[in-house]
Amino acid sequence: VQLQASGGGLVQAGGSLRLSCAASGGIFSPYVMAWFRQAPGKERQFVAAKNWPVDYTYYADSVKGRFTISNDKTKNTVYLQMDNLKPEDTAVYYCAASSFRIPVRSNNAYRYWGQGTQVTVSS
């Protein structure tokens, strides 16, 4: 299974970006797909997750109300709409996926990872 993330870029504070992550290869039925981010010198942190069977969503407190995770089950794709971006949102964003029920906020629980896409927010 491969995860292909895209949509990163440079944006001014207050702007918006939309990330996409498509899963392909093999027979893959997601249970959960998620986004994490890692800023320079910091640990990878949870951003948001989407439960496939029941469409439940999870968010980190730092992005709640500004970011929206959604999915297209027909394409095995998850999206992250990021609005009102702040300089502290600057990081490499990674998508992750699991075929099984896992603790969604734990980056050690995911089997599949995308390559990362850079998001830079200027002040």
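Picking from residues in region 90-118 that are in a strand (DSSP E or B) and among the polar types (S, T, N, Q), the one that is surrounded by the fewest Cβ atoms within 10 Å (Cβ to Cβ) is Gln118. Scanning region 73-89 for residues that are open to solvent by 40 Å² or more (accessible area, probe 1.4 Å) and modelled with pLDDT of 95 or more gives Gln81, Asp83, Asn84, Lys86, Pro87, Glu88. Close Cβ contacts (under 6 Å, 6 or more residues apart or on different chains) running from residues in region 47-71 that are more than 19 Å from Thr117 (Cα to Cα) to residues that are basic (Lys, Arg) comprise Thr57/Lys50. Please find, within region 23-40, the residue that is nearest to the chain's Cα centre (by Cα) out of those that are at pLDDT below 95 and open to solvent by 30 Å² or more (accessible area, probe 1.4 Å). Once the filter is applied, the top-ranked residue is Tyr31. Once region 13-22 is narrowed to residues that are within 14 Å of the chain's Cα centre (by Cα), open to solvent by 10 Å² or more (accessible area, probe 1.4 Å) and of a type in the set (A, V, I, L, M, F, W, C), the residue that is modelled with the highest pLDDT is Leu17.
The values are calculated or read from the model by the stated rules, or taken from the named source; none is laboratory data. Since the structure is predicted, the reported quantities are computational estimates derived from the model, not experimental observations. Virtual Cβ from ideal backbone geometry, glycine too; neighbours counted across all protein chains shown. Calculation scope for accessible area: heavy atoms of the full protein, side chains included, ligands and nucleic acids excluded. Shrake-Rupley method; radii C 1.70, N 1.55, O 1.52, S 1.80 Å.
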